[in-house]
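Written out below as structure tokens is the structure these notes cover.
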Amino acid sequence: MSKDPNKQAKKPSKKNKSIVSLLLILMIGAIFPGITLLVVGGMIPTAVVWLMDRTRGKLTTITAGSMNALALSFLLIQLFDNGQTLQAAIKILSNPVYWFFLLAVSGFGWFVAQTMPVFIVGVITARDKNRLNKIRTRQQMLVEEWGEGITEVPNEKKPQ
Amino acid sequence: MADQTAAKQAAPAGKNERISVCGGRYEVFLGNPLPHFSSPGTRAYAAQGTRGHGSALALIVENGEFPRFEILGNAVNINSPYVCKFLEYDVVYWADIGQHVPVLIYERPGGPRLMEKLTDDRPPLNSEVHFRQLLESMSDGIRDIYLAGTNHGRINPTNLFTRDASSATVQIGDYIATAPCKYQHPAYCTIELAMSHPLSRGPASASDDIYAIGVTLMHMIFGKLPMVNMAVEDIIKAKIEKGSLMALSGGLRIPSAYSEILRGLLADDVSQRWALDDIAYWLGGRRMGSKPGAQNGKAQRAFEIGGASYNNVRLLAHAMTKHPDAAAKSIEDGSLDRWLRRSLGNEDLAGAVAEAVASAASTQRGGSPAERAVTRTTITMDPSGPIRFRDISSMPQGLGALLVDTLAQGKSPRNIADFIAAQFILHWGNSQNLVGEYASIMQTYEGQRMLLDRPQPGFGIERVAYELSPGTPCLSPMVVSAFPLTLKSMMVALEAYASTVEAGDTRSDPIDRHIAAFILSRHRRMNDRVFPMLAAGTNAGQKALATLTVLAEMQRKYHTEPLPHLAEWVARMLAPSMDRFHNKILRERVTRDINKLAKRGDISGMLSVMDDGSTQKKDDEGYNAAHKEWLILEKAARELTTNTEVRDKALLRQGRQVTAFVAALLGIIAVVITAFIKMV
């Protein structure tokens, strides 16, 4: 069934979405200026990764961003302890230790995003290889017990 | 009847050496040969019954001779004072001959032969009393043989034994030891038999024996028979041209007292020849009178063939078979037809010949069209004569003996095969006056023709030989020296041969064409469907299984004793047959069992192991399951080994997704914990 063209036309465009998001942030920023500043400022490493990320679905950004958010949550606690003011947020953002912390955790996220899939692939490949060996061993046992005749593949060439 | 399977070993002949035969009922004295009782194809030795049978005569049949075993059942029932009493037979190893030979045990004749040689002269028989005694004893003897269901075929003075010195009463000698009529002198043969090859004269008819009685009487009356010194062709020519009576007398005057009976006994026309009852009437004093024999028409002008001229149609037919090319030409160019119509004046015969030539063309097999035309023409011209084709000149019932001799000598049976394939006997039967009388033999040969058409082991020319000559031993080179007449004795002989076969010996398989044909001819209920698999070139495994099936049936039915050598030979052959079992462990177990049974000589047991249906079914099921499993594994293996690059990319992406998911989860948990802390 084809989609209703009118409905499709009513869907908000990407540009509109960004404007709405910006307005939402500005509104929240107006209500919670300290938190907003700290979050926007603290998520800069994620933004950088987002700009560099060429993977489909921005999976590296999600990983690094999650780690960035994890680190930011500690800063937010600091902010809450200092009264959630804009000054407190500026003070935290001005502290290079905190920046180092943010960048280190985000970098770790980026590192994990780069190495973990390769590791997983390696593990799975090794597991498959082991499985293939077991299959071949079992096949060899079957051939030894029942003869080459069982390797006849119907209507197909025998695999090399 | 003696069990001939228990072949004995005769030690080299010493003076007092004796061997026990026929289950110990007779002893043959090797050091006491009786050459004056020997006949062509046999050696006579003194023998004695161990249970009071008195003095007996053992006829040792020479190598290459095939006794008429099919009539032994009839012969043993003959209890006539005028026929040498046949007692028993056996097959024994004869050291001088170097192989097993048949031994026929007879009661020893009371006196010597009437004549040692047919060419000898003897005093003429002048006494009418003696003449009557001689005639009566011979005709009574022939009657007794006839009543027992057979005929003699070799009545002549060398095969008649005087009973006592005072009378001319005789005893008729052996007629079993060799092929029927084989050693009958052509002078004593009717024209038809004289024209036939000695081996293929077939069993004599009562009428043929009566003719031989007539010749014997004439020989005795004159004390000599000039014809015995003549060549066969001259004998035939003289008998046809002059008639047997005149030809045999050789110009000598026949005493008037005997002229009537001799004319009756020596009539060339079978329908005019006296029967045994006529002889009895004559001896009783009734005068029969003899009708003159139907003379073959004499042509006004002679027909020339092979450089000789012939006025007589029967002689011409005989000559045509000697010169087949010229005969074929005369048929083709119509000169024979013209001669038959114009010179002989026999339109019917000319028409019959034309039909015969046409029928020769319609038959597709058995020699060239010209050869077939000549043979069919000569059958039509001389229907009572033998069938003549290439080097064969055979009465229909004599072809079996000729074929057996041909095969036994290792000669090519091609001519005989063509002879049967060309359906000459069908034409011969249809050419007779009383076709119905020959329906049985025509049917027999049609059956043989069909056997000949099947080239597989168990059929073909070998089978035809055993079917036509039921008393023939198995002629396989592996067993022929044991002269096996029965399937049981054949199995014993095969076991003995198998003991000489080493592993890797490829001289022969246990069942060659002769053995296969012998089995099928002797065991009618044998399943012949396995026999084609015995052919050369068949898959070795199938051949071995077919061999095992046949030999197991033989052992089960005819020889229950162990046959270890034969079994081990078959076990060796069975190696390729083990492929029928897929499972290696099962195969090893079956091989072990087969070898164990082979050592015990249990061929039937070996077949049971090889042919066990439930084992086979389980093995097949296991094989199918293994095959299915292998395919599933192969599919899985292929999935693991194909498109690795794509798979790796997909895996990488999946890894990233998992990593992102876990990281996001940690992030959310951290935010939630932060919020929670703050709220608390």
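The values are calculated or read from the model by the stated rules, or taken from the named source; none is laboratory data. Keep in mind that what you see is a predicted model, and the values were worked out from it rather than measured. In this analysis, Cβ positions are derived from the backbone assuming ideal geometry, glycine residues included, and neighbour counts consider all displayed protein chains.
Give A:GLU148, A:GLU144 a once-over and let me know the one that is more than 9 Å from chain B (Cβ to nearest Cβ), acidic (Asp, Glu) and more than 30 Å from A:MET43 (Cα to Cα). Walk me through how you get there before you give the answer.
Working: A:GLU144 fails: more than 9 Å from chain B (Cβ to nearest Cβ).
Just one listed residue meets the conditions, A:GLU148.
Take A:PRO154 and decide whether it is surrounded by fewer than 12 Cβ atoms within 10 Å (Cβ to Cβ) and within 9 Å of another protein chain (Cβ to nearest Cβ).
On the way: surrounded by fewer than 12 Cβ atoms within 10 Å (Cβ to Cβ): yes; within 9 Å of another protein chain (Cβ to nearest Cβ): yes.
When the stated conditions are applied, A:PRO154 passes them.
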Just wondering, is there one or more residues in the stretch B:342-365 that are in contact with a Phe, Trp or Tyr (Cβ under 8 Å, 6 or more places away or on another chain) and among the aliphatic types (A, V, I, L, M)? no
Pairs returned, first residue in the stretch B:657-668 that is more than 7 Å from every other protein chain (Cβ to nearest Cβ), second residue that is of a type in the set (Ser, Thr, Tyr), beta-carbon separation under 8 angstrom, 6 or more apart or interchain, are B:LEU665/A:SER66; B:ILE668/A:SER66
Helices (runs of 4 or more DSSP H) contained entirely in the stretch B:331-392, each with at least 3 residues that are closer than 17 Å to B:LEU426 by Cβ and of a type outside the set (Ser, Thr, Tyr): B:347-362, B:369-381
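Only one of A:GLY29, A:GLY109 is in contact (Cβ under 8 Å) with a residue 40 or more places away in the chain and part of a helix (DSSP H, G or I); which? Reasoning before the result, please.
On the way: A:GLY29 fails: in contact (Cβ under 8 Å) with a residue 40 or more places away in the chain.
Among A:GLY29, A:GLY109, only A:GLY109 is in contact (Cβ under 8 Å) with a residue 40 or more places away in the chain and part of a helix (DSSP H, G or I).
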Just wondering, is there one or more residues in the stretch A:49-56 that are modelled with pLDDT under 85 and in a helix (DSSP H, G or I)? yes
Surrounded by 15 or more Cβ atoms within 10 Å (Cβ to Cβ), closer than 30 Å to B:LEU633 by Cβ and within 10 Å of another protein chain (Cβ to nearest Cβ): does that describe A:LEU75? no
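I'd like to verify a number: residues in the stretch B:92-121 that are part of a strand (DSSP E or B) and either touching a helix residue (DSSP H, G or I) at 6+ places or on another chain (Cβ under 7 Å) or loosely packed, with under 15 Cβ neighbours inside 10 Å (or both), how many? Please lay out each step first, then the result.
Going residue by residue through the stretch B:92-121, those that are part of a strand (DSSP E or B) are B:92-94, B:99-107, B:113.
With either touching a helix residue (DSSP H, G or I) at 6+ places or on another chain (Cβ under 7 Å) or loosely packed, with under 15 Cβ neighbours inside 10 Å (or both) added as a condition, the list becomes B:99-100, B:113.
So the answer is 3.
On the basis of being part of a loop (DSSP other than H, G, I, E, B) and surrounded by fewer than 18 Cβ atoms within 10 Å (Cβ to Cβ), does B:ASN151 make the cut?
On the way: part of a loop (DSSP other than H, G, I, E, B): yes; surrounded by fewer than 18 Cβ atoms within 10 Å (Cβ to Cβ): no.
Against the criterion (part of a loop (DSSP other than H, G, I, E, B) and surrounded by fewer than 18 Cβ atoms within 10 Å (Cβ to Cβ)), B:ASN151 does not qualify.
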Being of a type in the set (A, V, I, L, M), closer than 30 Å to A:ASN130 by Cα and either within 14 Å of chain A (Cβ to nearest Cβ) or not in a helix (DSSP H, G or I) (or both): is that true of B:LEU586 here? no
Within the stretch B:48-78, take every residue that is under 21 Å from B:ARG113 (Cα atoms) and free of Cβ contacts under 8 Å to residues at least 60 places away in the same chain and give me the one that is surrounded by the fewest Cβ atoms within 10 Å (Cβ to Cβ). B:GLY54
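Would you confirm whether or not the stretch B:669-680 contains a residue that is aliphatic (A, V, I, L, M), farther than 30 Å from A:GLN78 by Cβ and either outside any helix (DSSP H, G or I) or more than 8 Å from chain A (Cβ to nearest Cβ) (or both)?
To start, the set of residues in the stretch B:669-680 that are aliphatic (A, V, I, L, M) comprises B:669-673, B:675, B:677, B:679-680.
After this cut, where a residue has to be farther than 30 Å from A:GLN78 by Cβ as well, the list is none.
Looking for residues that are aliphatic (A, V, I, L, M), farther than 30 Å from A:GLN78 by Cβ and either outside any helix (DSSP H, G or I) or more than 8 Å from chain A (Cβ to nearest Cβ) (or both), one finds none in the stretch B:669-680, hence no.
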So which of B:TYR89, B:TYR175, B:TYR146 is in a helix (DSSP H, G or I), of a type in the set (Phe, Trp, Tyr), surrounded by 15 or more Cβ atoms within 10 Å (Cβ to Cβ) and in contact with a helix residue (DSSP H, G or I) (Cβ under 8 Å, 6 or more places away or on another chain)? B:TYR146
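When only residues in the stretch A:108-127 that are within 8 Å of chain B (Cβ to nearest Cβ) and surrounded by fewer than 17 Cβ atoms within 10 Å (Cβ to Cβ) count, which is farthest from the chain's Cα centre (by Cα)? If you could, list the steps in order and put the result at the bottom.
Step one: of the stretch A:108-127, the residues within 8 Å of chain B (Cβ to nearest Cβ) are A:109, A:112-113, A:116-121, A:124-125.
Add one more test, that the residue is surrounded by fewer than 17 Cβ atoms within 10 Å (Cβ to Cβ), and what stays is A:118-119, A:124-125.
Values: A:VAL118: 14, A:PHE119: 16, A:ILE124: 20, A:THR125: 22 Å.
My answer is A:THR125.
Residue-by-condition table, conditions (1) surrounded by fewer than 18 Cβ atoms within 10 Å (Cβ to Cβ); (2) among the polar types (S, T, N, Q); (3) closer than 30 Å to B:LEU566 by Cβ:
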site: B:LYS596; (1), (2), (3): yes, no, yes
site: B:THR615; (1), (2), (3): yes, yes, yes
site: B:ALA625; (1), (2), (3): yes, no, no
site: B:GLU629; (1), (2), (3): yes, no, no
Note on the stretch B:255-298: residues at pLDDT 85 or above, buried (at least 19 other Cβ atoms within 10 Å of the Cβ) and not in a helix (DSSP H, G or I) are B:LEU266, B:ALA267, B:ASP268, B:ARG273, B:TRP274
Test of understanding: among A:LEU70, A:LEU142, which residue is in contact with a helix residue (DSSP H, G or I) (Cβ under 7 Å, 6 or more places away or on another chain) and either under 30 Å from B:LEU631 (Cβ atoms) or not in a helix (DSSP H, G or I) (or both)? A:LEU142
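Is it the case that the stretch B:620-635 has a residue that's closer than 26 Å to B:ARG556 by Cα and at pLDDT below 95? So that I can check it myself, show each step before the final result.
Of the stretch B:620-635, the ones closer than 26 Å to B:ARG556 by Cα are none.
Within the stretch B:620-635, not a single residue is closer than 26 Å to B:ARG556 by Cα and at pLDDT below 95.
Check B:ALA625, B:ALA650, B:ALA637 and return the single one that is of a type in the set (A, V, I, L, M), in a helix (DSSP H, G or I) and within 7 Å of another protein chain (Cβ to nearest Cβ). Give the steps one after another, and end with the answer.
Numbers: B:ALA625 fails: within 7 Å of another protein chain (Cβ to nearest Cβ); B:ALA650 fails: within 7 Å of another protein chain (Cβ to nearest Cβ).
Answer to the selection: B:ALA637.
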Result of the Cβ filter at 7 Å on the stretch B:558-579, keeping first residues that are surrounded by fewer than 22 Cβ atoms within 10 Å (Cβ to Cβ) and partners that are modelled with pLDDT of 90 or more and not in a helix (DSSP H, G or I), at least 6 apart or interchain, is B:PRO562/B:GLY601; B:PRO562/B:ASP602; B:PRO564/B:GLY601; B:HIS565/B:SER499
Does any residue of the stretch A:45-64 turn out to be in contact with a Gly (Cβ under 7 Å, 6 or more places away or on another chain), within 14 Å of chain B (Cβ to nearest Cβ), closer than 19 Å to A:ILE92 by Cβ and surrounded by 18 or more Cβ atoms within 10 Å (Cβ to Cβ)? yes
